[in-house]
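Have a look at the structure below before the remarks.
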Amino acid sequence: MCPLCEEEVLSKDLFNHLGSVCPKRPLVCEHCGLNFHKELLTDHKAHCSDKIVTCEHCGIDGILLGELGMHYEECERKPWCCTMKEYGCTFEGPRKSLIEHLTFEDHIQYIVTHFKELSVINKEQQEEIGHLNFQLDALTKAVKEGNRRVSTTLTTISRALHAQQEENKKLLAKLDELSRMIEQKTIHP
């Protein structure tokens with residue numbers, strides 16, 4: 001049995017298995033020199049920060065993958081979007097061209113167009129807020145009226161209940177009196 005992958009291997013084949021077949025045998029990354037299992041090495045090599053790459057924009061060789069982001073910040077040929085992109089400017093080009101573009105391009109029309117769009121959206125939202133406030137006022141009035149009706153009904157029920165309790169007391173008193181009278185007639189006929 002292989003001590004690394006636990007596969008059943010004949011003793012005579014174990015050396016060959018450990019050296020060239022075992023998926024868990026340690027292999028060295030050619031970029032950074034770290035050891036990995038065979039099954040993890042491929043993924044590591046694709047993302048190894050010590051891997052040497054070429055800039056896709058300017059073609060410079062010999063850049064470490066871990067430093068590619070810093071290179072892009074300085075790369076003269078990396079395309080950059082105009083800082084007015086969110087307002088509608090579609091320019092995209094190298095840093096030098098971007099600087100020239102920003103120097104000479106009049107972006108005021110993009111800003112005006114964007115401002116008009118925001119004004120329309122703002123107006124629509126204000127109208128919606130007004131409509132919602134109207135609905136809220138109507139619902140608030142309806143709730144207050146409902147509360148008033150419930151309160152009036154509860155007061156009426158409470159008064160009727162009190163009157164009924166008083167009537168019940170009078171009836172109980174009469175029943176007691178009748179009961180005594182019946183008792184006296186039964187005892188003294």
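Comparing the chain with the 2.2 N^0.38 Å rule of thumb, its C-alpha radius of gyration ratio is 2.81 (two decimals).
Return the calculated 222 nm mean residue ellipticity for the chain, to the nearest 500 deg cm²/dmol, obtained by summing -39500 (n - 2.57) across DSSP H runs with n ≥ 4 and dividing by the residue count.
-20000 deg cm²/dmol
Computed from the Cα positions only, the extents of segment 147-189 along the three principal axes stand at 61, 8, 6 Å, in decreasing order. Hydrodynamic radius of segment 111-189 by the Kirkwood approach over all distinct alpha-carbon pairs: 19.1 Å.
The stretch between Ile111 and Glu76 holds 9.8 nm of extra length on full extension. This uses 0.36 nm per residue minus the Cα-Cα distance. Bridgeable lysines around Lys85 (alpha carbons under 18 Å apart, same-chain partners fewer than 8 residues away excluded): Lys96, Lys116.
Eigenvalues of the alpha-carbon gyration tensor of segment 1-47, scaled by 5 and square-rooted, set the equivalent ellipsoid semi-axes at 24, 9, 7 angstrom, largest first.
Only one residue of Gln165, Phe134, Ile121 has its Cα farthest out toward the positive end of the dipole of segment 111-189, where Lys and Arg carry +1 and Asp and Glu -1 on Cβ, and that residue is Gln165. Approximating the spin labels as points 7 Å out from Cα along Cα→Cβ, the Ile182-to-Lys12 distance works out to 11.7 nm. Dimensions of segment 24-113 based on its C-alpha atoms, expressed as ranges along the principal axes with the largest first, amount to 64, 25, 14 Å. When +1 charges are put on Lys and Arg Cβ atoms and -1 charges on Asp and Glu Cβ atoms, the dipole computed for segment 1-47 relative to its Cα centre reaches about 140 debye.
Any read-out appearing in this document is the output of simple, stated calculations on the displayed coordinates, not a laboratory observation. These figures come from a predicted structure and were not determined experimentally. When we count neighbours, we look across all protein chains shown, and the Cβ atoms used for this are built from the backbone with ideal geometry, even at glycine.
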